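Here's the structure we're looking at; comments come further down.
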Amino acid sequence: MVTGTSFDVGQLRIHILDDGVFVTDAGNLFGGSGKASIKGAMHPVLVEVGGDLVLIDAGFGPELPEILVGRYELRRNENLLDHLDRAGYAAEDITHIILSHLDADHVGWALSPPSFPNATVYVQGAALEEARQMPEKDGRRAAVPSVEKGVEDGWCELLDADGDVLPGVKVELRAGHSAGHQIVWIEDGEDLALYTGDLAPAKIWLDPDLISGVDTDPKAARQNRIEVLSAAEKRDAPVILYHEPGDCLVKIRKTEKGFEAVPIGD
Ligand SMILES: [Zn+2]
């Protein structure tokens, strides 16, 4: 059942949190030098699994990263930690953090600085490897020292495949936007929900042919988007759209051109 920004998947309680919105020149996302600006929300997801608390992605962090100043504007009155508090939890309560990939708008509170003292952070090794190869000023590259330190200190674990981080919280490798990009299926019995990360982060991205200038491998992104959204439709799963500024919890319907978002309850 869906109430506001919280809903249940079987016995698992899910809260959709908020880390504000960013505004950027559309050219930063689609290439070219378009004059239009584009707005994206950030909706990290909290899943209660028995006594554990899983956070999926972690916003921009306390402030806009240095490398994005001038290109991105961050707008928020309340941040992720405020929304966590409102859901009834403190930073110390988080036990697991899944990072879909290493872009700055997904890793902030988890890595710079690490804000959850009792959490293990799960990153795909392929995402780290790609980030190491990025140019000096790239956002993904900026995450490398923190992830490496986390691995060394034992609070970051590198994954190399699909699998359950906890019972019912399953990561699945779906590369394209980045190498090692992972989505998350949240499942209990017949009941399930999907977190798409940046594979399909907002309603406009439900069009498989929308090519992003920031996808590492646009062909793989397109193919994975079609496969994952088809599975979501088939399984009638509510889908959480991380960057959707409007209604970020939707269901998926196939159209002639691709897919569209359907409000939950329709
Ligand atoms: Zn993103």
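General observations
- Of the listed requirements (1) within 14 Å of the ligand (Cβ to nearest atom); (2) part of a strand (DSSP E or B); (3) not polar (S, T, N, Q), residue 54 misses just one: (1).
- The range 108-127, subset open to solvent by less than 10 Å² (accessible area, probe 1.4 Å) and assigned to a helix (DSSP H, G or I), residue nearest to the ligand (Cβ to nearest atom): 108
Matching residues to (1) at pLDDT 95 or above; (2) touching a Phe, Trp or Tyr at 6+ places or on another chain (Cβ under 6 Å):
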residue: 5; (1), (2): no, no
residue: 11; (1), (2): yes, no
residue: 24; (1), (2): no, yes
residue: 32; (1), (2): no, no
residue: 35; (1), (2): no, no
residue: 38; (1), (2): no, no
residue: 41; (1), (2): yes, no
residue: 59; (1), (2): yes, yes
residue: 62; (1), (2): yes, no
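- Residues in the range 205-214 that are open to solvent by 20 Å² or more (accessible area, probe 1.4 Å) and either over 21 Å from residue 5 (Cβ atoms) or in a loop (DSSP other than H, G, I, E, B) (or both) were compared, and the one that is nearest to the ligand (Cβ to nearest atom) is 214.
- Hits in the range 222-247 - residues which are modelled with pLDDT under 95 and within 15 Å of the ligand (Cβ to nearest atom): 245
The values are calculated or read from the model by the stated rules, or taken from the named source; none is laboratory data. Only a predicted model underlies this, so the values are computations on that prediction, with no experimental measurement involved. Ideal geometry is used to build each Cβ from the backbone, glycine not excepted, and the neighbour counts take in all protein chains shown. The accessibility values were calculated without ligands, DNA or RNA, using every heavy atom of the protein model including side chains. Shrake-Rupley method; radii C 1.70, N 1.55, O 1.52, S 1.80 Å.
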